[in-house]
Structure formats: structure tokens, C-alpha cells
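The values are calculated or read from the model by the stated rules, or taken from the named source; none is laboratory data. All values reported here derive from a predicted model rather than from experimental measurement. Cβ sites come from the backbone with ideal geometry, for glycine too, and all protein chains shown count toward neighbours.
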Amino acid sequence: MTRRALSQWTLGRFKVACSCSGPVESGGTSPVTLECGLMFKVASWNLNSVRSRLTHVTTWLKAREPDVLLLQELKGTEFPSGAFESLGYESVAVTQKAYNGVAILSRHPMKTIAKTLVGDDSDSHARFLEVISKGIRIVNIYLPNEIRLGATSLRTS
């Protein structure tokens, strides 16, 4: 792997802190119990094409083993979920031809909550994905800063 291929990922750990001993409501789904003190390793990577970077991502996953990986700019309608399943990751993706696209990979089962921005059922830009995993709400959103207010796509901005 080259330094350039890994230049757009970030990695962090967080500790789930909770002050309750019972179930926690998780956005309209059935209650879940959080494990107090649970450590989660979460990473985010702006790929600029999952097809072009698949080998880099799978090699990186084997080396770093995050619990959750958020991917942005998939740029394609086909998502290679099988490549991640073989490494022990469940995946959910929202794709779009040539532009955008987001995915969440998790070592734990996930429940998809939303694939579009809430309140905008016509959202077709493949930039938003919300799941719950281990009782934790995880949102992956790709917000390109090239879009001007009122522009309909990156090309018109």
C-alpha cells in the first residue's frame, strides 16, 4: 500500500458511556441494552472509487481491524459486499452511478434505519446512510463542499 492510498482515512476509538442499567430506546426500534465501557474502533475513508481501491481497503481492514468502517465516494452501482463478508464484515451501501455513494461495514449485525435524508424522500444523491449496531446509531454522510446553494449537481456548481 502506498501512503497516498491511505491519505484520506481517519481512525478513532470511542468508549460507550452510559448511566442507565436498563434498555435504551433506539429511535423507534425495540429497546437494546448498551454494554457500559464498550470500546469501538471506528474509521472513515473517502475512497474516490471502491472498485479502484478494493485491494487497499481489504488489506487495510486485515491490518487495522476496525469494528466499523464508513466509506464515502463509492462511485458505482455495484458494491463488493462479498469481499468484506469474507473478512467478517456485514455491509450496507447506498450507491449511484459515477458519483457519490456511501457504505457502512461492521463486525456486528446492523439494522438499516435510513438511506436518504429524513424529510426528503426524493433524495437520490446516495450521500446518507444510517444504521444501528450494538445499540449505537451510526450515520455516514458524504457532504461535498463544491455544491453551491441551489445547484442540482456537482456539474452545475
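Determine, yes or no, whether residue 66 is modelled with pLDDT under 55 and not hydroxyl-bearing (Ser, Thr, Tyr).
no
Output the residues belonging to the range 63-92 that are out of contact with any strand residue (DSSP E or B) (no Cβ under 8 Å at 6 or more places or on another chain) and among the acidic types (Asp, Glu).
78
Any residue in the range 68-89 that is in contact (Cβ under 8 Å) with a residue 24 or more places away in the chain sitting within a Cβ distance under 6 Å of a residue that is surrounded by fewer than 18 Cβ atoms within 10 Å (Cβ to Cβ) and among the basic types (Lys, Arg)? List the pairs, counting only those 6 or more apart or interchain.
Sorted first by the residue in the range 68-89, then by its partner, the pairs are 76/51.
Hey, residue 130 hits all of (1) in a strand (DSSP E or B); (2) under 12 Å from residue 141 (Cβ atoms); (3) touching a Gly at 6+ places or on another chain (Cβ under 7 Å) but one; which does it fall short on?
Here residue 130 meets the rest and fails (3).
Checking residue 78 against (1) in contact with a helix residue (DSSP H, G or I) (Cβ under 9 Å, 6 or more places away or on another chain); (2) surrounded by 13 or more Cβ atoms within 10 Å (Cβ to Cβ), which test does it fail?
(2)
Within the range 116-145, take every residue that is surrounded by 19 or more Cβ atoms within 10 Å (Cβ to Cβ) and polar (S, T, N, Q) and give me the one that is nearest to residue 76 (Cα to Cα).
Going through the qualifying residues, I end up with 140.
Quick test for you: out of 151, 93, pick the one residue that is among the hydrophobic types (A, V, I, L, M, F, W, C), modelled with pLDDT of 95 or more and out of contact with any Asp or Glu (no Cβ under 8 Å at 6 or more places or on another chain). Show your work before the answer.
Details: 151 fails: modelled with pLDDT of 95 or more.
None of the other options fit; the residue is 93.
Are there any pairs with C-beta distances below 6 angstrom linking a residue in the range 56-67 that is within 16 Å of residue 46 (Cα to Cα) to a residue that is of a type in the set (A, V, I, L, M) and buried (at least 16 other Cβ atoms within 10 Å of the Cβ), with the two at least 6 apart or on different chains, and if so which?
What qualifies is 56/5; 58/83; 66/43.
Mind counting the residues in the range 83-106 that are surrounded by 16 or more Cβ atoms within 10 Å (Cβ to Cβ) and either aliphatic (A, V, I, L, M) or under 21 Å from residue 67 (Cβ atoms) (or both)?
Going through the range 83-106 one residue at a time, the tally reaches 13.
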